[in-house]
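Presented below is the structure to which this report refers.
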Amino acid sequence: YNNKWMYCGVIANTSPASSSYSDNTSFGWAMGYVYVNGSVQHGFGGWNIRWQEGDVAVMKLDVLQKSLSMKHMRTNAVYTIPNLPALQWRIHINLHRPNDCIELAEVALHDTF
């Protein structure tokens, strides 16, 4: 991601607008802030990190606990968005520029939390 805008989280809407991060079924982490129900929450859960090239994050969606958690490896911290509604979730990535990219991979057992 060249311009340092990246959002990663979950969304339930199957046909969101291009500003999908602000969809009311969107929950996730962006550049120093968190989107909860599509609304910006500055500093939510302690997240004030700006993504950097090479960052690794491990995501965990816990439907029983109704939470989305992310372990950010560079800071070795875990951030959680609690109280997710019971919806059918999809992985949600939002990038800004045409050549921006991110890699999704299955989590290795040693990276779980």
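The values are calculated or read from the model by the stated rules, or taken from the named source; none is laboratory data. Quantities reported herein were computed from a predicted structural model and do not represent experimental measurements. Every residue, glycine as well, gets a Cβ built from its backbone with ideal geometry; the counts of neighbours run over all protein chains shown. These area figures cover heavy atoms from the full protein model, side chains too; ligands, DNA and RNA do not enter into them. Shrake-Rupley method; radii C 1.70, N 1.55, O 1.52, S 1.80 Å.
What are the pairs, 6+ residues apart or on separate chains, where a residue within segment 74-85 that is without any contact (Cβ under 8 Å) to a residue 24 or more places away in the chain and more than 17 Å from residue 30 (Cα to Cα) has its Cβ under 7 Å from a residue that is open to solvent by 50 Å² or more (accessible area, probe 1.4 Å) and basic (Lys, Arg)?
83/66
Going through segment 68-99 one residue at a time, which ones are within 12 Å of the chain's Cα centre (by Cα), surrounded by fewer than 15 Cβ atoms within 10 Å (Cβ to Cβ) and of a type outside the set (Val, Ile, Thr)?
Within segment 68-99, just 90 meets the criteria.
What tally of residues in segment 78-109 results from selecting those that are at pLDDT 95 or above and either touching a Leu at 6+ places or on another chain (Cβ under 9 Å) or in a strand (DSSP E or B) (or both)?
10
How many residues, within segment 62-81, are touching a Phe, Trp or Tyr at 6+ places or on another chain (Cβ under 8 Å) and of a type in the set (S, T, N, Q)?
1
Working only within segment 32-67, note down all residues that are open to solvent by 40 Å² or more (accessible area, probe 1.4 Å), in a loop (DSSP other than H, G, I, E, B) and in contact with a helix residue (DSSP H, G or I) (Cβ under 9 Å, 6 or more places away or on another chain).
Result: 56, single match.
Which residues, counting only those in segment 4-15, are open to solvent by 20 Å² or more (accessible area, probe 1.4 Å) and closer than 18 Å to residue 104 by Cβ?
Within segment 4-15, just 5 meets the criteria.
For segment 16-29, give me each residue that is surrounded by fewer than 20 Cβ atoms within 10 Å (Cβ to Cβ) and not in a helix (DSSP H, G or I).
Matches in segment 16-29: 16, 17, 18, 19, 23, 24.
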